[in-house]
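For reference, the structure discussed in these notes is given below.
Each value in this text was obtained by applying a stated rule to the coordinates, not by laboratory testing. Just so you know, these numbers come straight off a predicted model, no measurement behind them. Neighbour counts run over all protein chains shown; Cβ positions are idealised from the backbone, glycine included.
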Ligand code: FES
């Protein structure tokens with residue numbers, strides 16, 4: 001299973017048109033984004049874009065059913 005990086009979501013400001021890589025393994029030290037630390041594990045980052053500019057809450061416990069977003 002993925003590592004729990006934190007038990008609270010990370011509030012980030014996202015820009016439309018940019019591509020982001022959400023860390024699914026929990027090992028990145030640049031949470032909630034991938035820093036390549038998943039290498040050698042079964043995990044790969046989730047690449048995503050946002051529909052509009054604005055703040056979002058990204059999952060850091062890595063248990064969300066709505067990745068990369070926190071589902072509470
Ligand atoms: Fe976690 Fe890349 S470091 S998915």
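Brief remarks on what is shown
- In plain terms, the chain from residue 16 to residue 35 could stretch by 4.7 nm, reckoned as 0.36 nm per residue minus the Cα-Cα distance.
- Relative packing of 16-24, 56-64, 36-44, which averages over residues the other C-beta atoms within 10 Å, highest first: 56-64, 16-24, 36-44
- Length-normalised contact order for the chain - Cα pairs under 8 Å, 6+ apart - percent: 41 percent
- Approximate spin-label separation residue 6-residue 53, in nm, with each point projected 7 Å along Cα-to-Cβ: 2.4 nm
- Shape parameters for the chain, alpha-carbon atoms, Rg then Dmax in Å: 11.4, 34
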